[in-house]
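Enquirer: One structure follows; several queries about it will come next.
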Amino acid sequence: MRGFTLIELVFVLIIIGILSAVGAGYIYNSENVVLSDAKLLKQKLLEKRSNALGFIADMSNADEKNSVCLKINKNDLSKDTDKVKYIFKSDNINSPYSELCFDSFGRVYYDDVNISNLIHNEFNISLTYKENTKIITVYPISGYVKVW
């Protein structure tokens, strides 16, 4: 007889179960989740900034919107993905602004492009998931974004 015994098969299944439990815990680590969310938000901000750099700004025409904006909340960030379905998992998004806009020079505004809404100081957006936090710093004028 050249088969496996029932005990050998049970031990193999137990070992596979232990390995999959350890692997699943590593993959769905809360540190990885908040880092993925932070990278997605950074990518979205830089994408909106680069889209806005392509516009030709004419601030004399108030009816024409020469900016690209991104709403900073969990629902809108999950909807704003293009082809890949991504669910933004962070429990808390703490931002001083609910919407960020970029003009054709890459400058950062809150709400809408208006010279009085131009952001002059760097600010942080914090993402929290299960006691892990990542900070995204947005720099004024250049619109550069950095994840800490």
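Readers should treat all values here as calculations from the given coordinates under stated rules, not as data from a laboratory. All figures in this text were calculated on a predicted structure; none of them were measured in a lab. Methodologically, a virtual Cβ is constructed for each residue, glycine included, from the backbone with ideal geometry; neighbour enumeration extends over all protein chains shown.
Enquirer: In nm, to one decimal, how far is the modelled label at residue 30 from the one at residue 10, with both set 7 Å along Cα→Cβ?
Expert: In this crude spin-label approximation the distance works out to 3.7 nm.
Enquirer: Can you tell me the length gained on complete extension of the stretch residue 19 to residue 85, counting 0.36 nm per residue apart and subtracting the Cα distance?
Expert: The residue 19-residue 85 span can extend by a further 21.0 nm.
Enquirer: How far apart, in nanometres, would the label points at residue 117 and residue 105 be if each is projected 7 angstrom from Cα along the Cα-to-Cβ direction?
Expert: Placing both labels 7 Å beyond Cα along the Cβ direction yields 1.7 nm.
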